[in-house]
Every structure is written in C-alpha cells, then in structure tokens.
Amino acid sequence: MSIRKRRNGGSPPVEAVAGNGLLDRRALLGRGIVFAGAMTTGVGTSLTSAAAEPLKDDPWSLETGTVTPALQTPSHYEKHVVGTLTNPNNEMRTSHARTPHHLLNGTVTPNSLHFTINHSGEPDIDPDKHRLVIHGMVKQPLAFTLEALSRYPLVTRMSFVECSGNSAPMFSNEPVQATAQTLHGLVSNAEWTGVPLSVLLDEAGIDRSAKWLVAEGSDSLALHRSVPVKKAYDDALVAIYQNGERLMPGNGYPMRLLLPGYQGNMNVKFLRRIKVVDQPSLGFYEARTYSQILPDGKAWRFHFLQEVKSFITHPSFGHKLKEPGYFEISGIAYSGNGRIAKVMVSADGGKSWAEAALQSPVHSKAFTRFRMPWRWDGQPVVLQSRAWDEGGNVQPLRAEFVAMRGQTKRAVTNPAAFPNQHYNSLTSWGIGSNGEIKHVYA
Ligand SMILES: Nc1nc2c(c(=O)[nH]1)N[C@H]1C(S)=C(S)[C@@H](COP(=O)(O)O)O[C@H]1N2
Ligand SMILES: [Mo]
C-alpha cells in the first residue's frame, strides 16, 4: 500500500501483514478513513454507535460541580488504578509498590503510581536539614543543601528506573497467571530534573585517578552502591524534580541519584553522601543481591545495565476482548543502552511478525510506546512483542534466555538466594476464542 495512494484518498491498508490479523502499522498514521476501514472490513461490529438519539442531559450537566481542589487526585471512578503492595498490612520489611501498566497508557508514569522499593521504609526527611556531602578523593569536600542544588544549572530528561528483580516471576517453569503489573510492575518512567553529577564532582575537584564512587542514602539502612566514575561523567544526575514536581517521598525525596539505564538499586534515594574512591565497596546490595546467579552457580560480579525489553500492556492479562473486531495492540519498550530502534509484534506465537509503530519522540533510556493495529477474527491467538535498541541489541527469545540464564524457582523456595534478576525475554499473552487472556510461555 503506497503512501501516494492514501494521499489520494485511496483505500486504506487494511489487509493483514502477518498471521492472525496484524495490520500494516501505517494504518495508524492515516486519517479516520483508515481506521473506519479497519473496522468495517473486518468481522464484528464498529466501535461507534449511530447517533440516532439526541444527547441526554445527565445530572452532572444540570448543576454546578464541586469546588476545584488545591491538589487534584484522580476521579473516584479510577479508584482501582493503584500500585500493588507486597506488604499491605504494614509488615516491617522491604516494601514494594508496583506500577499498574495494564491500566495506564502513554509513556510517563504518574508520580503517585511510580513503583517504589524501600528496603527500610520511607524516611521523613526535612529538606532544610538534609545535606549531600561529596568527599573522599577530592581536593575540597563539599556539602550541598537542596536550596543550593536548586540554583545550579539544571538538566531535564526522560528516564526509566527498573529494579533488576523486575519480572522475576518469569523465571518460573509454568507461567504465573498475573497482570503486567504483577509481572513487570517494578519499572516506571518519568521526566527527571536535576544537576549533572559531573558538575558537582568537578566543583569538588575529583582526583582523576579515582575510578569509583560510593553513593549512600540517608534511610536507616544507609543503602549504598558503587558507581563507576565514568557513569557519573556520562549522564548521571542528582535529581530533585520528578515529572515537574519535587520527588515523591517513596522515590527519594528530597534528592536521589539517577543513573539512566542502570539497575534500579544503584539509583540511590534520599542521597546523602558520595565518596570518591579507587575501588568498589562490594557492599551488601552489589555483592550479595542484585546479581544474576548463572546456571553453573557462578554470578557476574557487576551487572549494571538494564537490557533491551518490551511487553504488551493492551490487551493483556486482566482485560477481556468482548467481541471480534478492531483492536490496538500496544505496550512499552525500553533499553538501558539507548533508544529503541524497532519493535516487532506477533499474533501467532512467534511464527510471523510485523513491525509496530513507535510513538515519537523516542528518548534514550526511556519508555517508548509501540502500537500495532489488529483485527481479531475471534480465533485463539498468542500475542508477543520483541524489541531492538539502537545498539543492535535484541530481546532474547525465551528458549535462548532460559539456556543462557537458567530457569529456576529458587526465589520462591529460598528467598535469600536472590537468583532471579535481569529478565528481559518475551512476554506472551494467549487469547482464547472467548476473549479471555492468559499468560503463556511460547
Ligand atoms: N536509599 C535507598 N535507595 C534506594 C532504595 C532504598 O531502599 N533506599 N531502593 C533501591 C531499589 S532496590 C530500587 S529498584 C530503586 C527503586 O526506585 P524507586 O523506588 O524510585 O522506583 O531505588 C533504589 N534506591
Ligand atoms: Mo531493586
């Protein structure tokens, strides 16, 4: 289907380009004709209903609404759109809240729904008393207040943060029947604003022979991680705003380290100290946890990068397709290596693939939404997505991934083992002829 034909108002590209009804992604670029064509030439009904009846005046149209609040919260009709907690009864241990990807769209995670992992609770930090100290192998140790940092030249960028333990349920032998929130809810994406860490290190006069930084949080656990100096000079920020407002308490208020594309755990929240050193600290979270244990029992010493990954959020487990017809398949893709270059989608469990449309702008080390027009004929299908990044890295197929990294339930039987890290293979949603969606391994 040529562009010229569509410009001339010719028939839209609604013929399938891959198995089980995947349509040409260019159908999404056209005006209404293309979309309407996709619906009327398919089986099933149209998405619109004929406006035979005049519009009624509903009660909310007949009287003045409520007074505008100073701080908005979502409509009470959206009460179900919340993070899921690992310790809903306030048990005192690591607390997680997962992002409901299957209920969101676009690329920005609202601050109230950004995932959080706090290993020793959310500290209640007074921003006027909080200090960030840079010391160690520097000419002049320095202390920064939030107010001082706010006066530095600031940088704004999009970045995802992903816990390397995200998607750990995908290491099971049998697919866990759960939503994208349960499976992949430990990744979120925000627009962060902060001071480049390189500016602060330069001001302190970093010793050029220093290779490592140890970043420490001011929570009671003093979570700390070693970061290569090279990363600090690449794109690290001390972030002080999240999607335009101050950081959320669960995401590091009043300041956090942001290391775009690196393991979530290294993005130290409540940041209070950066020590410039010549070797890594081999602290608890880098020596014991957040490293993938390989099938032969060995572990990689450092595994900083969150690799290229994607998953379909719509439709997915927890949704139901009411009837055959036109649907948009969409999801998120991201890579710690840089920009997403391409996402392929399959509706027949990987036998045939079609290229999805990428929502622009495509930011480096940030969520990219992909979309694929699809006409479901009511037969069973298996939906999958597979992403490539600009470095040529591709999401491994599941068989490849299991061969490389192993498939184990150790995290379930022995939580202390922490073996299930860095899952970046495919996610498959099986849709039955009744429209019900299951998580499957294909
Ligand atoms: N000080 C401190 N920093 C921390 C943590 C913590 O518990 N304390 N959790 C880490 C972990 S395990 C992850 S995955 C990320 C999560 O960032 P988020 O809670 O903002 O999503 O923060 C990291 N930084
Ligand atoms: Mo994490």
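The values are calculated or read from the model by the stated rules, or taken from the named source; none is laboratory data. Not measured: the values here are computed from a predicted model. In this analysis, Cβ positions are derived from the backbone assuming ideal geometry, glycine residues included, and neighbour counts consider all displayed protein chains.
Some notes on this structure:
- Filtering segment 110-142 to residues that are within 23 Å of Leu237 (Cβ to Cβ) and within 16 Å of ligand 2 (Cβ to nearest atom) leaves His114, Phe115, Thr116, Ile117, Asn118, His119, Glu122.
- For segment 143-189, taking the residues that are within 16 Å of ligand 2 (Cβ to nearest atom) and of a type in the set (Phe, Trp, Tyr), the one that is nearest to Lys269 (Cα to Cα) is identified as Phe160.
- The numbered conditions (1) in a loop (DSSP other than H, G, I, E, B); (2) buried (at least 20 other Cβ atoms within 10 Å of the Cβ) are all true for Lys322 except (2).
- Restricting segment 264-282 to residues that are part of a loop (DSSP other than H, G, I, E, B) and within 12 Å of ligand 1 (Cβ to nearest atom) leaves a set whose member that is farthest from Ser188 (Cα to Cα) is Phe270.
- Of the criteria (1) at positive phi; (2) touching a Gly at 6+ places or on another chain (Cβ under 8 Å), which one Asp219 fails: (1)
- Selection from segment 200-237 of residues that are surrounded by fewer than 16 Cβ atoms within 10 Å (Cβ to Cβ) and without any contact (Cβ under 8 Å) to a residue 60 or more places away in the chain: Asp202, Arg208, Ala222, Lys230, Tyr233, Asp234
- Residue within segment 173-195 that is over 27 Å from Arg369 (Cα atoms) and crowded, with 19+ Cβ neighbours inside 10 Å present: yes
- Filter result (within 16 Å of ligand 2 (Cβ to nearest atom), at pLDDT 95 or above and of a type outside the set (A, V, I, L, M, F, W, C)) within segment 254-297: Arg256, Pro260, Gly261, Tyr262, Gln263, Gly264, Asn265, Asn267, Lys269
- Set side by side, the residues Thr193, Thr145, Thr182 differ, and just one is on the phi < 0 side of the Ramachandran plot, of a type in the set (S, T, N, Q) and without any contact (Cβ under 8 Å) to a residue 24 or more places away in the chain, which is Thr145.
- Some residue of segment 224-236 being within 20 Å of the chain's Cα centre (by Cα) and closer than 29 Å to Asn420 by Cα: yes
- Scanning segment 334-366 for residues that are over 16 Å from Met158 (Cα atoms), part of a loop (DSSP other than H, G, I, E, B) and either of a type in the set (D, E, K, R) or in contact with an Asp or Glu (Cβ under 8 Å, 6 or more places away or on another chain) (or both) returns a single hit, Lys351.
- Some residue of segment 204-214 being within 15 Å of ligand 1 (Cβ to nearest atom) and either more than 30 Å from Ser428 (Cα to Cα) or at pLDDT below 95 (or both): yes
- Unique match (being touching a residue at least 40 places away in the same chain (Cβ under 8 Å), more than 26 Å from Ser281 (Cα to Cα) and away from ligand 1 (no atom under 16 Å from the Cβ)) among Met170, Met158: Met170
- Pro254 being in contact (Cβ under 8 Å) with a residue 60 or more places away in the chain, closer than 17 Å to Ala190 by Cβ and in contact with a Leu (Cβ under 9 Å, 6 or more places away or on another chain): yes
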